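Asker: Sending over a structure as structure tokens; questions will come in a sec.
The values are calculated or read from the model by the stated rules, or taken from the named source; none is laboratory data. Predicted model, so just to flag it, every value in this text is computed and none were measured. Glycine also receives a Cβ, built like all others from the backbone with ideal geometry; neighbour counts cover every protein chain displayed. With ligands, DNA and RNA removed, areas are computed over all heavy atoms of the protein, side chains included. Shrake-Rupley method; radii C 1.70, N 1.55, O 1.52, S 1.80 Å.
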Amino acid sequence: MALETSGIFVAPRDIARSKLRRLARWGLRRVAVIEHHLEKRRSRRTLSELTDDELRDVGLTRAQASAEASKSWFWS
């Protein structure tokens, strides 16, 4: 049994593949978002471990670094 769309027959197998591709793309996007949040978390942790001289080299104060490091790793 095939479905007709605009004069083109689409087999159920093709429909299933299309749904699987969409699901895979959705999953890959979610993984990329989580990786991005984890990278922000690592960066903030590293920032909090810098010395005052290192912070001065990148143009930040200890208060600015502490404020950034205290942000939520997931939502900010």
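Asker: Within the range 38-48, can you find the residues that are touching a residue at least 12 places away in the same chain (Cβ under 8 Å) and open to solvent by less than 80 Å² (accessible area, probe 1.4 Å)?
Answerer: LEU38, LYS40, ARG44, LEU47, SER48
Asker: Can you run down the residue pairs with Cβ atoms below 6 Å, 6 or more apart or on separate chains, where the first is in the range 19-37 and without any contact (Cβ under 8 Å) to a residue 40 or more places away in the chain and the partner is surrounded by 10 or more Cβ atoms within 10 Å (Cβ to Cβ)?
Answerer: Close Cβ pairs (under 6 Å, with a partner that is surrounded by 10 or more Cβ atoms within 10 Å (Cβ to Cβ)) amount to HIS37/PHE74.
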